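Note sheet for the following structure.
The values are calculated or read from the model by the stated rules, or taken from the named source; none is laboratory data. Just so you know, these numbers come straight off a predicted model, no measurement behind them. Quick reminder, even Gly has a Cβ in these numbers, built from the backbone with ideal geometry, and neighbours come from all protein chains shown.
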Amino acid sequence: MCYHYSVPNIDGLRDRFHAYVDPPSSFNRIYHVSGFSRPKLPAITTEDPARIQFLAWGLIPRWVKDDAIAEKFRTRTLNARAETLYEKASFRHLVERNRCLVLADGFFEWRHYQGRTYPYYITLKNQQPFAFAGLWDAWQPPNLPEVEKTYTIITTKANTLLEQVHNKRKRMPVILTPEHEQSWLTPELSQPKIDTLLTAYDPERMQAHPVSRLLTARGVQTNVPDAIQPKEYADLPGLT
């Protein structure tokens, strides 16, 4: 799964994805963000592939009419499994037209070892920003004039690196290669083509290291540089 990730500053996103930002923003580097905090984060949608927008993480389908039901959807739709996109009512009507790039430069997963859990930070070896494959929708809150755009991150079976890190569920977010990013935003894609894009990223192009348990500490600021710094645990063996 993917409930925590990091995002570069807005200049880094503009340069990497060759897109403008609207509305204009002074968005700063995020070292750690949790989906359960209901953040609005940068994404590029099929609606305007040249524009970086800020969408709320936790997809609310447009057909939801009740605030209480919408709140339940937020935490249940932070992720969407690639294998069941066409089976879930929340996602199946979005796959063909409402796809998006969720912009990031790293994410966090937890490794289980001898009864304990250790957080890891995962990036590309080239340290460049990248895009998760996502879906988005536009929801009209009851009694409010503004539409809220929301998104979910698609996950798939883990590659050989993430199998070791996320070794309980063995899942990972779908990271699109730069060559596939524009394909993902193409308005009309067949299901077979979509399926070919929703695969695990090459593990040889990724790296992971343990980090502090700060991420899950209560009552402290977790969006700090220490969140992504390597940390050694004496009882934790390395990855192979």
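Numbers at a glance
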{"read-out": "First in segment 190-202 and more than 18 Å from LEU162 (Cα to Cα), second anywhere and surrounded by 12 or more Cβ atoms within 10 Å (Cβ to Cβ) and basic (Lys, Arg), Cβ under 9 Å, 6 or more apart", "value": "ILE194/ARG99"}
{"read-out": "Pair list, Cβ under 8 Å, 6 or more apart: segment 1-22 residue free of Cβ contacts under 8 Å to residues at least 40 places away in the same chain and farther than 27 Å from ALA158 by Cβ, other residue of a type in the set (D, E, K, R) and part of a strand (DSSP E or B)", "value": "ALA19/ARG51; TYR20/ARG51; VAL21/ARG51; ASP22/ARG51"}
{"read-out": "Selection count where residues are of a type in the set (A, V, I, L, M, F, W, C) and surrounded by fewer than 20 Cβ atoms within 10 Å (Cβ to Cβ), scope segment 167-189", "value": "1"}
{"read-out": "Residue list for segment 128-154, filter: without any contact (Cβ under 8 Å) to a residue 24 or more places away in the chain and not β-branched (Val, Ile, Thr)", "value": "ASN143, LEU144, PRO145, GLU146"}
{"read-out": "Segment 1-27, residues that are part of a loop (DSSP other than H, G, I, E, B) and either farther than 24 Å from ARG74 by Cβ or in contact with a Lys or Arg (Cβ under 7 Å, 6 or more places away or on another chain) (or both)", "value": "MET1, PRO8, ASN9, HIS18, ALA19, ASP22, PRO24, SER26"}
{"read-out": "Count of segment 21-30 residues which are over 14 Å from the mean Cα position of the chain (by Cα) and either closer than 24 Å to GLU96 by Cα or modelled with pLDDT of 95 or more (or both)", "value": "1"}
{"read-out": "Answer residue from segment 117-137, given it is part of a strand (DSSP E or B) and more than 18 Å from the chain's Cα centre (by Cα) and is surrounded by the most Cβ atoms within 10 Å (Cβ to Cβ) among those", "value": "TYR118"}
{"read-out": "Residues located in segment 138-163, provided they are more than 17 Å from the chain's Cα centre (by Cα) and either among the aromatic types (Phe, Trp, Tyr) or surrounded by 20 or more Cβ atoms within 10 Å (Cβ to Cβ) (or both)", "value": "TRP139, LEU161"}
{"read-out": "Test set (1) under 27 Å from PRO210 (Cβ atoms); (2) assigned to a strand (DSSP E or B) - LEU162 fails condition number", "value": "(2)"}
{"read-out": "Some residue of segment 187-200 being at pLDDT 95 or above, under 20 Å from PHE108 (Cβ atoms) and assigned to a loop (DSSP other than H, G, I, E, B)", "value": "yes"}
{"read-out": "Residue match in segment 77-94 (condition: farther than 21 Å from ALA50 by Cα, modelled with pLDDT of 95 or more, under 13 Å from the mean Cα position of the chain (by Cα) and assigned to a loop (DSSP other than H, G, I, E, B))", "value": "yes"}
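Rundown of residues vs (1) surrounded by 14 or more Cβ atoms within 10 Å (Cβ to Cβ); (2) touching a Ser or Thr at 6+ places or on another chain (Cβ under 8 Å); (3) more than 18 Å from VAL147 (Cβ to Cβ), yes/no style:
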| site | (1), (2), (3) |
| --- | --- |
| ASP11 | no, no, yes |
| ASP48 | no, no, no |
| ASN79 | yes, yes, yes |
| GLU83 | no, yes, yes |
| VAL102 | yes, no, yes |
| GLY115 | no, no, yes |
